[in-house]
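*Asks:* Below is one structure. I have some questions about it.
Derivation of every value follows stated rules applied to the coordinates shown; laboratory data play no part. On a predicted model such as this, the values are computed, not experimentally measured, just so you know. Note that each Cβ is placed from the backbone with ideal geometry, even for glycine, and that neighbours are counted across all protein chains shown.
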Amino acid sequence: MNYKMILNVIGKALILEAILLLAPMAVGFIYGENNWMQFLIPAGATLLVGFLLNFSKPKNKTIYVKEGFIIVALVWLVYSLVGAVPFVLAGDKGIPNFVNAFFETVSGFTTTGASILKDVEVLSKAIMFWRIFTHWIGGMGVLVFVLALLPKHNSGLIHLFRAESPGPSPDKIVGKIKSTARILYSIYIILTILETILLVIGGMPLYDSILNSFTTAGTGGFGIYNTSIAHYNNLYCEIVIAVFMFLFGINFNVFYLILIGKGRKAFKSGEFKAYTVMVISSTIIIALNILSICGNFAEALRYSFFQVTSVSSTTGLFNSLNFNNWPTLSKAILLILSCVGASAGSTGGGIKVIRCSVLFKSVFADLKRMVRPRSVVTVKLDGEVLDRNTERNVRSYFIIWVLVVILVTLVLCALNKTDMFTNISSVISCVGNVGFNVVGTDFCYAVFSPLSKVLLSFVMLVGRLEIFPIILLLMPRTWRKN
């Protein structure tokens, strides 16, 4: 284990977080809030620790697979611990309880959007900015940005990228991983700015436009108001947000291929087709199902499209039509969409469309082998044959994902007085990083005990980092000398 290199990378990540903490402090100054110490104290302490960890330069700068997983897990855990401090220091204008603040911060960085706050409108402008800014920071990934700061000759950067990037097999867009990180963040920033401009054109205040764009870009679920997007009652802004929720649920490789003039190849992607078909078909079915509630098909399509893109991208925002009153079929479809999630290589969560595709094809191939034992049956994805290791990894991930849902649900049932349906839907919401809970739009995670909130916080980290980095971090064998 290359401990010095692990500490060195964590140090760089902490320096970056200290700089990011200055953004909400600037917002406080703009709005005349005297709360700059709430951010300056943790920023100063984090900067000092970051410099100390970064002071010693390791001779061996190679990052292997194990180190990549450990670095990613530790950075996300440390970021959440530090990020919770401003909420606590803010007192009544923040979240005074550290466990609650930690839960909210983890939910922000993992872009889950699950909240313990019943009234978000009591937060100060600066604290609200930091709360939703965590969505944007965590959306593309903390270390994807840090990669640009690491040594050019390091041969193990790809392990950091793969350990943090969502999806079964994230890969480089171009030859160099540092260039890939820059391209991804450039696309991310451009889309965020574009959405902000469109929302401002639609009459939304600049502050609100920026924060709602952060939430959409990171596919989180934190809203500025208790009634979320329904507060604006603005059809134009609602459509803009829905469209961008769909866009941020697409693999960013698709955007890159379009930018370099290979749009035809991008649209031939099996995952892109499956994700698009899933969203369109779900929208139409739910629209027909809620037609009696809305009165006309246009209104039903409006509410259905917004909620489907919100849940399938794992954003978790909601509009003015309360889905608590929707028919059981519509709510069941939304629950399934929250499990499947978005595309690999997007900012969305969930199991991922590509994994579900591989899983179904793999099961179908097994059935064929059972009927015709001597035949050679292969699983193909986008015309290429998948090796058996990829199939096995997808199955392993799915099994562990289901086990996490079952085990954590049982623990919640033992620790809380909440019913089984509330517990299991909350766990699915956290492990899928969707924030959406079919229990209702007014559901608040404050009902859970402090120990349950800590457990759900780790479940959110497990979901965002796709299980293996957190499991490896907690295994005693990981820390033993070879």
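*Asks:* Size of the dipole of segment 1-130 about the Cα centre, Lys and Arg at +1 and Asp and Glu at -1 on the beta carbon, nothing else charged, in debye to 20?
*Replies:* Roughly 700 debye for segment 1-130.
*Asks:* For volume of the Cα convex hull per residue in Å³, which listed value, (1) 290; (2) 160; (3) 142, comes from the coordinates shown?
*Replies:* (2)
*Asks:* In what sequence, highest mean first, do 363-376, 419-432, 67-80 appear when ranked by Cβ atoms within 10 angstrom?
*Replies:* Values: 363-376: 10.2, 419-432: 21.7, 67-80: 23.4.
Ranking the peptides 363-376, 419-432, 67-80 by packing returns 67-80, 419-432, 363-376.
*Asks:* Between segment 287-353 and segment 201-277, how many Å separate their Cα centres?
*Replies:* Each part reduced to its Cα centre gives a spacing of 14 Å.
*Asks:* For the peptides 107-118, 444-455, what is the packing order when you average, over each peptide's residues, the other Cβ atoms within 10 Å and list the highest mean first?
*Replies:* Top of the packing list down: 107-118, 444-455.
*Asks:* At 7 Å along the Cα-to-beta-carbon direction for both Lys4 and Phe98, put a label point, then send me their distance in nm to one decimal.
*Replies:* 3.3
*Asks:* Which value in deg cm²/dmol, rounded to the nearest 500, describes the helix-derived mean residue ellipticity at 222 nm for the chain, given -39,500 (n - 2.57) per DSSP H run of n ≥ 4 and division by the residue count?
*Replies:* Theoretical 222 nm ellipticity from helices: -21000 deg cm²/dmol.
*Asks:* Counting only residues 5 or more places away or on other chains, whose amide H sits under 5 Å from the amide H of Leu381 once H atoms are built in the peptide plane?
*Replies:* Leu386
*Asks:* Charges at C-beta only: +1 for Lys and Arg, -1 for Asp and Glu. How large is the resulting dipole of segment 365-482 about its Cα centre, in Debye rounded to 20?
*Replies:* Details: 14 positive and 8 negative charges, 130 e Å.
Result for segment 365-482 is approximately 620 debye, rounded to the nearest 20.
*Asks:* What pairs from Lys12/Lys125; Lys262/Lys361; Lys59/Lys352 go past 30 Å between their alpha carbons?
*Replies:* Working: Lys12/Lys125 28 Å; Lys262/Lys361 27 Å; Lys59/Lys352 39 Å.
Over 30 Å Cα-Cα: Lys59/Lys352.
*Asks:* Got a sec? Charge dipole of the chain, +1 on Cβ for Lys and Arg, -1 for Asp and Glu; which of Ile132, Leu474, Gly220 is way out at the positive end?
*Replies:* Farthest towards the positive end: Leu474.
*Asks:* Got a sec to turn the phi values of segment 112-121 into Karplus ³J(HN,Hα) couplings, 6.51 cos²θ - 1.76 cosθ + 1.60 with θ = phi - 60°, whole Hz, x for Gly and Pro?
*Replies:* 3J(HN,Hα) across segment 112-121, in whole Hz: 7, x, 6, 9, 9, 8, 7, 10, 7, 6.
*Asks:* Could you tally the net charge around Val376, taking each other residue with its Cβ under 12 Å from the Cβ of Val376, Lys/Arg +1 and Asp/Glu -1?
*Replies:* Taking every Cβ under 12 Å from that of Val376, the sum is +4.
*Asks:* Describe numerically, in nm with one decimal, the distance between label points set 7 Å from Cα along Cα→Cβ at Leu451 and at Ala45.
*Replies:* With each label point 7 Å from Cα toward Cβ, the separation is 2.7 nm.
*Asks:* Please compute the volume of the convex hull spanned by the alpha-carbon atoms of segment 177-309 and report it per residue in Å³.
*Replies:* So the per-residue hull volume is 123 Å³.
*Asks:* Now for a different question. Magnitude of the Cβ-charge dipole of segment 347-425, K/R +1 and D/E -1, about the Cα centre, nearest 20 debye? Write out the running numbers ahead of the final one.
*Replies:* Working: 12 positive and 6 negative charges, 70 e Å.
Dipole size: approximately 340 debye.
*Asks:* Can you tell me how segment 353-392 classifies by the Cα gyration tensor, rounded, prolate or oblate, using a/c under 1.5 as the rounded cut?
*Replies:* Values: a/c = 2.11, a/b = 1.64, b/c = 1.28.
Taking the square roots of the gyration eigenvalues as a ≥ b ≥ c, segment 353-392 is prolate.
*Asks:* When you count, for each residue, the other Cβ atoms within 10 Å and take the mean per peptide, how do 267-276, 341-350, 401-410, 219-228 rank with the highest first?
*Replies:* Going from most to least packed, we get 341-350, 219-228, 267-276, 401-410.
*Asks:* Once you order the gyration tensor axes a ≥ b ≥ c over the Cα atoms, which shape class does segment 1-147 get: rounded for a/c under 1.5, otherwise prolate or oblate by comparing a/b with b/c?
*Replies:* Since a/c reaches 1.5 and a/b is larger than b/c, the shape of segment 1-147 is classed as prolate.
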